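Enquirer: I am attaching a structure below and will ask some questions about it afterwards.
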Amino acid sequence: MDKNLRDDIFQHAKEWILKAGETIRTKINDPLIIDTKSNPKDLVTTMDKETEYFLATNIKKTYPHHLLFSEEGYGDDVTSLDGVVWIVDPIDGTMNFVQQKRNFAISIGIFQEGIGEIGFVYDVMADILYSAKRNEGAYKNNVKLPPLKPELVLDEAMLGFNHHWLCENSVMDERTMQQLVKKIRGSRTYGSAALKLAYVAEGIIDGYLTMNLAPWDIAGGIILAKEVGAVTTNLDGAPVTLLTNESTITCHPAIQQEIIHDYLQKGKK
């Protein structure tokens with residue numbers, strides 16, 4: 001992507017994501033209409049829909065030839081990452097939004113010809129904006145995040161993943177994941193994929209495993225993580241498509257192969 005175009009898109013996207021977050025904070029205590037989607041734990045609120053509508057309207061008005069791949073119905077029928085594609089989650093961590101009124105994020109990943117050019121993860125209630133432009137580093141607000149430390153062993157790693165990995169599930173033998181938990185220094189669950197990927201970029205966790213998440217859950221965050229040296233693949237070590245739901249791992253490169261070969265490959269169903 002041409003640098004001038006990337007800078008222009010970045011500035012517009014930054015303005016819109018901050019404005020969307022301001023609106024959410026203003027309305028955080030207003031009555032909510034809450035619906036379920038695929039199951040009783042898969043929540044959607046009027047705020048999810050209003051936020052996506054705001055972002056979609058601005059994207060389409062300003063960049064009519066760009067495509068939008070999003071969660072709540074205002075996007076396009078995206079079947080490839082040809083051209084410029086915005087992958088948007090208006091509220092990642094809706095359950096946290098509903099029950100905690102914190103620990104949720106707006107996530108935007110912008111790709112050209114399948115290459116991640118711009119990433120945003122906005123921790124709305126903390127007013128912390130993680131951002132990245134390809135080959136220009138990742139930032140927490142206006143402070144550049146340092147590259148990941150050069151060395152790491154799995155015994156000293158902190159990983160993020162939810163507790164479904166440790167229960168009987170359709171993706172992984174839970175006993176293998178229990179062995180991984182015993183191996184590492186510790187595990188954390190935050191309830192928002194976007195925030196966990198931002199934390200990988202920040203270096204406060206060393207990796208994050210997702211179980212069958214949609215592209216909009218991870219698109220912005222993996223761009224952030226890549227800019228500090230983290231790597232993202234599916235559980236086989238192959239590239240992530242960002243067109244369908246996948247289980248993925250984003251982590252420090254020093255521990256990637258050990259996790260994949262000694263745990264994910266052995267436990268995968």
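Enquirer: Within the stretch 107-119, track down each residue that is farther than 13 Å from I59 by Cβ and of a type in the set (A, V, I, L, M, F, W, C).
Expert: Scanning the stretch 107-119 gives F111, I115.
Enquirer: Give me a count of the residues in the stretch 1-34 that are farther than 16 Å from T51 by Cα, surrounded by 15 or more Cβ atoms within 10 Å (Cβ to Cβ) and either under 20 Å from the mean Cα position of the chain (by Cα) or basic (K, R) (or both).
Expert: Adding up the residues that qualify gives 3.
Enquirer: Here are some conditions: (1) surrounded by fewer than 23 Cβ atoms within 10 Å (Cβ to Cβ); (2) in contact with a strand residue (DSSP E or B) (Cβ under 8 Å, 6 or more places away or on another chain). G203 meets all but one. Which one does it not meet?
Expert: Unmet condition: (2).
Enquirer: Now, a different point. How about the stretch 105-128: which of its residues are more than 13 Å from K226 (Cβ to Cβ), out of contact with any helix residue (DSSP H, G or I) (no Cβ under 7 Å at 6 or more places or on another chain) and not charged (D, E, K, R)?
Expert: Within the stretch 105-128, Q112, G114, A126, I128 meet the criteria.
Enquirer: Here is a follow-up. If you take the residues in the stretch 53-75 that are of a type in the set (D, E, K, R) and modelled with pLDDT of 95 or more, which one is surrounded by the most Cβ atoms within 10 Å (Cβ to Cβ)? Lay out the reasoning, then the answer.
Expert: First, pick out the residues of the stretch 53-75 that are of a type in the set (D, E, K, R): 60-61, 71-72.
Those still in the list that are modelled with pLDDT of 95 or more too: 60-61.
Details: K60: 17, K61: 8.
Looking at the filtered set, the residue picked out is K60.
Enquirer: Filtering the stretch 238-269 down to residues that are among the β-branched types (V, I, T), buried (at least 18 other Cβ atoms within 10 Å of the Cβ) and in contact with a helix residue (DSSP H, G or I) (Cβ under 8 Å, 6 or more places away or on another chain), which residue is nearest to G221 (Cα to Cα)? Don't jump to the end; show me each part of the working.
Expert: As a first pass, look at the stretch 238-269 and keep what is among the β-branched types (V, I, T): 240-241, 244, 248-250, 255, 259-260.
Next cut, buried (at least 18 other Cβ atoms within 10 Å of the Cβ) only: 240, 248-250, 255, 259-260.
Remaining after also requiring in contact with a helix residue (DSSP H, G or I) (Cβ under 8 Å, 6 or more places away or on another chain): 240, 248-250, 255, 259.
Details: V240: 13, T248: 12, I249: 12, T250: 9, I255: 19, I259: 20 Å.
In this case the residue turns out to be T250.
Enquirer: Any idea how many residues of the stretch 135-150 are surrounded by fewer than 19 Cβ atoms within 10 Å (Cβ to Cβ) and either of a type in the set (K, R) or part of a strand (DSSP E or B) (or both)?
Expert: Total meeting the criteria: 5.
Enquirer: Being in contact (Cβ under 8 Å) with a residue 12 or more places away in the chain, surrounded by fewer than 20 Cβ atoms within 10 Å (Cβ to Cβ) and of a type outside the set (A, V, I, L, M, F, W, C) is the filter here; which residues of the stretch 76-95 pass it?
Expert: T79, S80, D82, G83
Enquirer: Restricting to helices (runs of 4 or more DSSP H) lying wholly in the stretch 169-269: which have 3 or more residues that are under 27 Å from E52 (Cα atoms) and within 20 Å of the chain's Cα centre (by Cα)? Break it down into steps so the answer makes sense when it comes.
Expert: Working: elements: 174-183, 193-202, 215-227, 253-259.
Qualifying helices (runs of 4 or more DSSP H): 193-202, 215-227.
Enquirer: Of all residues in the stretch 31-45 being in contact with a strand residue (DSSP E or B) (Cβ under 8 Å, 6 or more places away or on another chain) and modelled with pLDDT of 75 or more, which is farthest from I17 (Cα to Cα)?
Expert: Step one: list which residues in the stretch 31-45 are in contact with a strand residue (DSSP E or B) (Cβ under 8 Å, 6 or more places away or on another chain), which gives 32-37, 42-45.
In the following step, the residues that additionally are modelled with pLDDT of 75 or more were identified as 32, 45.
Values: L32: 21, T45: 18 Å.
Going through the qualifying residues, I end up with L32.
Enquirer: Let me ask something else about it. Being farther than 21 Å from T79 by Cα and at pLDDT 95 or above narrows it down to one of A225, A238, so name that one. Show your work before the answer.
Expert: Numbers: A238 fails: farther than 21 Å from T79 by Cα.
Just one listed residue meets the conditions, A225.
The values are calculated or read from the model by the stated rules, or taken from the named source; none is laboratory data. Note that the structure is a prediction, hence the values are computed from the model and not measured. Neighbour counts are summed over all protein chains in view; Cβ atoms, including those assigned to glycine, are modelled from backbone coordinates with ideal geometry.
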